[in-house]
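What follows is a single structure, written as structure tokens, with notes after it.
Here, each number is a calculation from the coordinates, and none is a lab measurement. This structure is a prediction, so every number in the text was calculated from the model and none was measured. We place every Cβ from the backbone using ideal geometry, glycine too, and count neighbours over all the protein chains shown.
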Amino acid sequence: MIIPYGRHHIDEEDIQAVVSVLRSGSLTQGPFVSAFEKSIADYVGAKYAVAVSSATAALHLAAIAAGVRSNTTLITSPITFVASANAGFYAGGNVAFADIDENDVNMSAKSLKTALANNPNTKAIVPVHYAGLPCKDMPEIKSLADSVGAKVIEDAAHALGAVYESGKLVGCCENSTMTVFSLHPVKSIAAGEGGVITTNDEKIFHQLNRLRSHGINKRSEELSSIENGFTKDIPNPWYFEMQELGFHYRITDIQCALAKSQLQKLPKFLSHRRLLAEIYDKNLKGIDCLKPAQNTGRNLSSHHIYPVRIDFASLRISRASFMKKLSEKEIITQVHYIPVVLHPYYRQKGFELSAYPAAEKFYDEALSLPLFFDLTFADQARVIDTIKGILFK
Ligand SMILES: *Cc1c(COP(=O)(O)O)cnc(C)c1O
């Protein structure tokens with residue numbers, strides 16, 4: 001049996017939840033979307049949640065709501081999925097990067113300070129809770145953002161269910177304006193495709209709602225034309241306004257019913273993932289050339305992936321042949337991530353990996369081991385034994 005690096009878990013309850021939407025008569029723009037939004041907002045402790053078609057769409061809308069436009073900048077980490085950075089370009093702005101802290105792979109406030117000095121017109125700062133471990137510099141990132149008039153957007157695609165040191169859940173926006181989650185099957189909970197933005201800011205909440213649906217406003221209290229919107233003080237029933245250029249980034253009721261059903265299982269998903277991470281920690285301990293990429297915060301992280309750092313340079317094996325040997329034993333590993341600045345699109349814009357030494361070093365050594373809810377202890381033991389076998393041959 002092939003062991004993938006990650007996989008979703010669907011049970012009979014999830015299937016019934018989807019079937020019941022199909023029988024309900026609602027496919028999209030119905031009650032399941034708002035029911036899911038309410039349950040995720042309640043879970044993370046935010047006032048509002050807006051569900052959209054993907055976390056990529058969510059990041060795009062969040063960047064616009066943060067004020068990113070031409071001649072302004074979005075700053076994120078180089079060790080993330082390309083979507084975190086692309087959001088800045090989608091919104092018409094520039095993109096810059098702040099290097100990671102080599103100890104936890106999250107954006108460091110120290111490098112953010114330098115990046116802000118080089119990009120005075122920054123509107124959005126996007127820390128990424130890498131592998132599900134909340135960025136420990138959040139309070140400092142928030143105060144740096146405040147000092148330049150930028151907004152913090154947390155990319156929490158990995159971090160649904162993760163906890164800050166304060167004890168609050170990621171998504172409550174205690175040190176940010178918006179937090180973005182992904183509902184892609186490889187993430188904490190699955191909707192097929194989907195994303196969520198949480199916020200405590202009512203104005204931004206209404207703006208995000210407009211932006212996901214063409215920029216259309218249907219709320220009579222926010223119409224800009226009284227003359228067209230009302231007949232003798234009574235709102236015209238047909239009337240709505242497109243007030244800004246929005247998108248079609250809606251999510252369906254089918255996806256939200258699945259996501260809501262999955263959310264109920266999140267505590268169970270999280271505790272099994274943590275247990276697997278702790279077993280890796282324990283069994284890989286004492287190997288000189290292999291270290292967990294994050295060795296703190298097992299009690300805080302949502303353990304989206306289990307990244308390790310392997311000192312391939314001092315071993316006689318390359319990462320490519322190490323991965324190949326594992327896959328010959330039906331064990332799939334992956335690298336998270338190819339630094340965003342290394343992609344040709346970014347290189348053509350003049351970005352260079354050497355400007356981010358901690359990210360550069362991390363990329364040389366990174367490998368994510370299999371970690372998912374259905375990974376059995378026996379299969380995990382096989383992963384561990386196979387790795388030791390290759391390293392100590
Ligand atoms: C998966 C991911 C995204 C994009 O999520 P989608 O829902 O697939 O659009 C964004 N940022 C990070 C860090 C991710 O891992």
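Extension gain for residue 27 to residue 376 (0.36 nm times residue separation, less C-alpha to C-alpha distance): 122.1 nm.
Summarising the strand pairing of region 12-264, around 55 percent of its internal DSSP beta bridges are antiparallel. Protection proxy ranking for 31-42, 72-83, 317-328, 289-300, using the average of other Cβ atoms within 10 Å per residue and placing the highest first: 72-83, 31-42, 289-300, 317-328. So if we plug the beta-carbon distance of residue 271 and residue 166 into 1/(1 + (r/R0)^6) with R0 = 25 Å, what FRET efficiency do we get, rounded to 0.05? Plugging the Cβ-Cβ distance into 1/(1 + (r/R0)^6) gives 0.75. The simple Förster model, with R0 at 25 Å and r as the Cβ-Cβ distance, assigns residue 348 and residue 117 a FRET efficiency of 0.50. Placing unit charges on the Cβ atoms of the charged side chains and taking the dipole of the chain about its Cα centre, the candidate lying farthest along the positive direction among 180, 246, 108 is 108. For the chain, with a Gaussian network of springs between Cα atoms less than 10 Å apart, report the residue from 346, 280, 48 with the top mean-square fluctuation. Answer for the Gaussian network model of the chain: 346. Put in line by how crowded their Cβ is, counting other Cβ atoms within 10 Å and starting with the fewest, 340, 21 read 21, 340.
Given their separation in residues at 0.36 nm each and the Cα-Cα distance between them, residue 330 and residue 203 gain 40.7 nm when the chain is fully extended.
In this structure, residue 35 and residue 384 have a Cβ-Cβ separation that, at R0 = 35 Å, corresponds to a calculated FRET efficiency of about 0.25. Put a plus charge on the Cβ of each Lys and Arg, a minus charge on the Cβ of each Asp and Glu, and nothing anywhere else: the dipole of the chain about its Cα centre is then about 600 debye. Volume per residue of the convex hull around the Cα atoms, evaluated for the chain, comes out as 144 Å³. With the highest mean first, a sort of the peptides 185-193, 199-207, 378-386 on other beta-carbon atoms found within 10 angstrom per residue produces 185-193, 199-207, 378-386. Set Lys and Arg Cβ to +1 and Asp and Glu Cβ to -1, take the dipole of the chain about its Cα centre, and tell me which of 171, 337, 55 lies farthest positive. Of the options given, the answer is 337.
Annotation for residue 140 and residue 47: the two label points, set 7 Å from Cα along the Cα-Cβ direction, are 3.0 nm apart. Between residue 393 and residue 250, residue separation times 0.36 nm minus the direct Cα-Cα distance comes to 46.2 nm.
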